[in-house]
Amino acid sequence: VIPNLVDAAALSAFHEEINDFATRMLARRGLEQKTNNPLTDLLQNSGEYRRQLFPLLKGLISYQHIQAQVFDRVRSSDFCARMGYIHPTITHGFKADLPGESKYLLPLHQDYSTPCRRAYRFWIPLQDAAETSGTMRYIAGSHHSGFIEHDDSNAELPQVPMDQVAGEDFRVLELA
C-alpha cells in the first residue's frame, strides 16, 4: 500500500467532476437520482449505455490528472530505476463496483496477462474500498509463489481453481 499516492485535492476534483457528469447524464436520459451517489444511479439504470460510459469517464480531465499524478510520482521515485524501466508506459482501466451487484465481480486470478516481459499493476481506489463498497480479496505473500495454473475454460475470465488455494489465508483489502 502506497499512502497518499493521489492527493486530496485531485480526489476532490475527481468526485466533483464525476458527480456533476453523472447528474447531468441522469437528467439528459430522464432518469431519477435515487441515492446520494449519482454515478451509482446512472450505472444501475443506464442499461446498454453503461458500456459507453466507461470510455467517457476515463476521459474526464480530473481522472486524467490523477493518472498523470500517479505516473509522475512513481516515475520520480526510485521505483523505475530499481526495476530497470527506462521508458515506462501506462495503461489504465476504470471499474465501478456497485452495492449489491455481483455481475461484474472478477473471480480469483493473478494479473498475468500483460503482453510484455514484466509489468506492475497499481490498483488505485478513487473512493473508500471496503467489502461493502467494492475492494479485493488477496492471499498475503502469494506473489512469492509465482504463477498459479488457471482454469481458462472461460477465456474472458480465467480463474485460479479454489482447490489450488485451499487452506490459504484470504484477506480483504480495506483502504480509505
Can you tell me which of (1) at pLDDT 85 or above; (2) touching a Pro at 6+ places or on another chain (Cβ under 6 Å) is the one Cys80 doesn't meet? (1)
Only residues that are assigned to a loop (DSSP other than H, G, I, E, B), among the aliphatic types (A, V, I, L, M) and either surrounded by 13 or more Cβ atoms within 10 Å (Cβ to Cβ) or within 22 Å of the chain's Cα centre (by Cα) (or both): list them for the stretch 73-91, please. Ile90
Sole exception among (1) within 22 Å of Val6 (Cα to Cα); (2) surrounded by 13 or more Cβ atoms within 10 Å (Cβ to Cβ); (3) at pLDDT 80 or above for Ala119, by number: (3)
Considering only residues that are among the charged types (D, E, K, R) and in contact with a helix residue (DSSP H, G or I) (Cβ under 9 Å, 6 or more places away or on another chain), which ones fall in the stretch 43-72? Arg50, Lys58
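So, in the stretch 148-176, exactly how many residues are in a loop (DSSP other than H, G, I, E, B), over 30 Å from Val6 (Cβ atoms) and among the hydrophobic types (A, V, I, L, M, F, W, C)?
4
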Hits in the stretch 51-66 (condition: outside any loop (DSSP other than H, G, I, E, B), open to solvent by less than 40 Å² (accessible area, probe 1.4 Å) and under 17 Å from Ile124 (Cα atoms)): Leu57, Ser62, Tyr63, Ile66
Any idea how many residues of the stretch 152-176 are open to solvent by 90 Å² or more (accessible area, probe 1.4 Å) and of a type in the set (S, T, N, Q)? 2
Going through the stretch 1-31 one residue at a time, which ones are touching a residue at least 12 places away in the same chain (Cβ under 8 Å), more than 18 Å from Gln67 (Cβ to Cβ) and not in a helix (DSSP H, G or I)? Val1, Arg29, Leu31
The listed residue being at pLDDT 85 or above and out of contact with any strand residue (DSSP E or B) (no Cβ under 9 Å at 6 or more places or on another chain), out of Gly141, Gly93, Gly100, Gly134: Gly141
Kindly provide the set of residues from the stretch 122-151 that are charged (D, E, K, R) and either open to solvent by less than 70 Å² (accessible area, probe 1.4 Å) or more than 30 Å from Leu57 (Cα to Cα) (or both), ordered by number. Glu149, Asp151
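The values are calculated or read from the model by the stated rules, or taken from the named source; none is laboratory data. Predicted, not measured: the structure shown is a model, and the values here were computed from it. Heads up, the Cβs are rebuilt from the backbone with ideal geometry, glycines too, and the neighbour counts pull from every protein chain shown. In case anyone asks, the SASA skips ligands and DNA or RNA and just uses the protein heavy atoms, side chains included. Shrake-Rupley method; radii C 1.70, N 1.55, O 1.52, S 1.80 Å.
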